[in-house]
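The structure under discussion appears below in the form of structure tokens.
Every number here is computed from the coordinates shown, using simple stated rules; none is lab data. Just so you know, these numbers come straight off a predicted model, no measurement behind them. Because the Cβ atoms are built from the backbone with ideal geometry, glycine has one as well, and the counts that use them run over all protein chains shown.
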Amino acid sequence: MFVYEKKLQYPVNIRRPNPALAKIIMSQYGGPDGELGASLRYLSQRYTAPYPEIKAVLTDIGTEELGHLEMVGTILYQLTKGVSAKELKEAGLDQYFVDHTAGIYPAAASGTPYTAAALQVKGDLLADLHEDLAAEQKARVTYDNILRFCDDPDVIDPIRFLREREIVHYQRFGEALRVATDKLDSRNFYAFNPEFDPPKARSN
Amino acid sequence: MNEREKMLRQLSAVGFSAHDLQMYLDTHPNDTSAAKALEEYEREEGRLREEYEQRFGPLTAGCEGSRWAWIADPWPWNNGRD
């Protein structure tokens, strides 16, 4: 189960609104490499994960991603708080405004609503861990790209924190992959799928 | 930064250290020095959490006698501009 803590993982306090920045940071809320997708990917992959270390890593990282989703939502809220419809239009958010006013809706920077089509649960340990490693790198690049457009230290600081966490998660998934291959058939990692094949069907 | 924000920042820093170590231990369960450091951070976090909650209200729902303090502003996404 999950229990809510009434605090952010890392503080966000943006003093100056900037709807143009919100328009691009939005992608980390509901975009293809965003925090919602990250969370759903790991928290869904874990059910068929075969080894205790892997279940723990997927659960703990998937949970932290929910905290990141809240941080990104907070950044978007504070960047658009008190902004007029005219200013939103000037920032290119008039179409967003028509559908959501100043509410925080999960969509990509391009406007495409959040879709689980950008994530995968393959049910195969090696395939899923490689997906997770790639996902962390893609999220890291998205934050790097966002930082190219940021000149407000109030925004740069929490975005840098989130970027750094992608690198730490990548490290943990790399270790999870090592744990996994240590337990597989060293002559052929693909000899069986430990998430699906029953132990008696395995060659060793 | 007011007193509440200062204390929350301190609590979050210690809590983050504990969280990061705990996740490291998922893949390094035999690392006893990391496990020991985690225990120390957890103890410190518990102490700071108790002090924070006494002064500024609950961080989780369902604490005895705290229903008004639980719903009270500020929520985590609120800042001085709300």
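Excluding same-chain neighbours fewer than eight residues apart, the aspartates and glutamates reachable from A:K89 by a Cα-Cα span under 16 Å are A:D99.
Each of A:F189 and A:E5 was given a label point 7 Å from its Cα along the Cα-to-Cβ line. The distance between the two points is 3.4 nm. You can think of it this way: the chain between A:A85 and A:I156 has 23.0 nm of extra reach, that is 0.36 nm per residue less the Cα-Cα gap. Sparse packing (at most 13 other Cβ atoms within 10 Å of the Cβ) combined with a DSSP loop state is found for the following trypsin sites (Lys or Arg not before Pro) in chain B: B:R81.
Put a dot 7 Å past the Cα of A:S110, heading toward its Cβ, do the same for B:N30, and the two dots end up 4.7 nm apart. Distance between the C-alpha centres of the stretch A:70-142 and the stretch B:6-53: 30 Å, rounded to the whole angstrom.
Which translational diffusion coefficient, to the nearest whole µm²/s, is obtained for the stretch A:19-194 from the Stokes-Einstein equation, given a Kirkwood hydrodynamic radius over C-alpha pairs, 4 °C and 1.567 mPa s? Rounded, D is 76 µm²/s.
Mind giving me the nanometre distance, one decimal, between the label points for B:A61 and B:R47, set 7 Å out from Cα along Cα→Cβ? Those two pseudo-labels are separated by 3.2 nm. Loop-located trypsin sites (Lys or Arg not before Pro) in the stretch A:129-204 (DSSP state other than H, G, I, E, B) with a sparse environment of at most 12 neighbouring Cβ atoms within 10 Å: A:R148, A:R187. The relative contact order of chain A, computed from alpha carbon pairs under 8 Å that lie at least 6 residues apart in sequence, is 28 percent.
Sparsely packed loop sites in the stretch A:160-204 (the chymotrypsin sites (Phe, Trp or Tyr not before Pro) outside DSSP H, G, I, E and B with at most 13 other Cβ atoms within 10 Å) comprise A:F189, A:Y190, A:F196.
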